[in-house]
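See structure below.
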């Protein structure tokens, strides 16, 4: 994960020098990574857009401090994770004062891809709820594995875990999801 | 202490995530061949994984809104179109209006110049109606003016239109210093 090819460091350096085209390219190439990180931490699709915006704002503020452009993905992930955690903590504090965030209505999650049937939309909603119900420690590696298709070693690197830890968390996440969904969704 | 079930789930996980070694994949294959229940359990895990992965990608990831890469013709097309529009506008702006031309009796070259941008330029003059004497103004000299005449050749040789003008006499003063 430390090397993404020669083009990435060049792209980062161009963006650091203020090249707008390079900056646009960085966003286009890494926006899904940022969104995955936000979702992995929060487990909520409805907040991903807002938090991802905040993440990119922080990224542009700090891009000049990135010393190893080849490690852009880890660096981005760290910023996205911290931003999502900040927002989550703020959200929990707000929820403690005004009521549970869990009870907040969730917008439709079928952005972009129209459902073929209402049933498939319902199944997807249940699957996402099950992922959301996972403890964050299990959800994070699970989401990274499925959205970013990172290897155990890559996940371990960004989360500061051992490979064995990542593997154990993935096994437990799968077990929990199966137990949660076994009687709800016909697999 | 991990149980056989734990070990089996770890093996499932490693195979599903493509992290298993060839030996582990072979081991799982032999286990699945030997036990239908284990095979069903593995299929459940695998399908659940695929379903959730799909649901996550559809919900969290956006289709990247990349700008289409413009081809050469697309890139130069807009400047070319702007240039062509400018040329067209200039052409129409410069094109003389035939309706505004004076009568064309005996003024063939002038008419040609008026309708054809590439025809040689011919000087033409306005036809001035003779002013009835009743309307002639009295000669009035204005102080501080001097007479001048503008002589314009007419259509026929030896005919001229003379315009008398009185222009204000001026003189120059050298500026001695800025003020």
Name the residues in region A:1-57 that are more than 30 Å from residue A:130 (Cβ to Cβ) and buried (at least 21 other Cβ atoms within 10 Å of the Cβ), would you?
A:11, A:12, A:15, A:26
Which numbered condition trips up residue A:58, out of (1) within 14 Å of another protein chain (Cβ to nearest Cβ); (2) at pLDDT 90 or above?
(1)
Of those in region B:2-15 that are part of a helix (DSSP H, G or I) and more than 8 Å from every other protein chain (Cβ to nearest Cβ), the residue surrounded by the most Cβ atoms within 10 Å (Cβ to Cβ) is B:15
Of the residues in region A:152-181, those that are touching a helix residue (DSSP H, G or I) at 6+ places or on another chain (Cβ under 8 Å) and outside any helix (DSSP H, G or I) come to A:161, A:162
Only listed residue being within 16 Å of residue B:60 (Cβ to Cβ) and more than 14 Å from chain B (Cβ to nearest Cβ), chosen from A:39, A:77:
A:77
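Examine region A:99-106 for a residue that is at pLDDT below 90, within 12 Å of chain B (Cβ to nearest Cβ) and closer than 21 Å to residue A:131 by Cβ, and state whether such a residue exists. Let's see the steps before the verdict.
Here is the first cut: in region A:99-106, the residues at pLDDT below 90 are A:99-106.
Going one step further and asking which of them are within 12 Å of chain B (Cβ to nearest Cβ), we end up with A:106.
Still in the list and also closer than 21 Å to residue A:131 by Cβ: A:106.
Scanning region A:99-106 turns up at least one residue that is at pLDDT below 90, within 12 Å of chain B (Cβ to nearest Cβ) and closer than 21 Å to residue A:131 by Cβ.
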Hits in region A:137-187 - residues which are within 7 Å of another protein chain (Cβ to nearest Cβ), free of Cβ contacts under 8 Å to residues at least 40 places away in the same chain and within 14 Å of the chain's Cα centre (by Cα)
A:145, A:146
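Just wondering, is there one or more residues in region B:37-44 that are more than 7 Å from every other protein chain (Cβ to nearest Cβ), within 15 Å of residue B:12 (Cα to Cα), modelled with pLDDT of 90 or more and not in a helix (DSSP H, G or I)?
Step one: list which residues in region B:37-44 are more than 7 Å from every other protein chain (Cβ to nearest Cβ), which gives B:37-43.
With the extra rule that they be within 15 Å of residue B:12 (Cα to Cα), the set shrinks to B:37-43.
Then keep just the ones that are modelled with pLDDT of 90 or more; that gives B:37-43.
After this cut, where a residue has to be not in a helix (DSSP H, G or I) as well, the list is none.
Scanning region B:37-44 turns up no residue that is more than 7 Å from every other protein chain (Cβ to nearest Cβ), within 15 Å of residue B:12 (Cα to Cα), modelled with pLDDT of 90 or more and not in a helix (DSSP H, G or I).
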If you take the residues in region A:124-136 that are more than 8 Å from chain B (Cβ to nearest Cβ) and within 16 Å of the chain's Cα centre (by Cα), which one is surrounded by the most Cβ atoms within 10 Å (Cβ to Cβ)?
A:134
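The values are calculated or read from the model by the stated rules, or taken from the named source; none is laboratory data. Computed from a predicted structure; not experimentally measured. Positions of Cβ are generated from backbone atoms using ideal geometry, with glycine treated the same way; all protein chains shown enter the neighbour counts.
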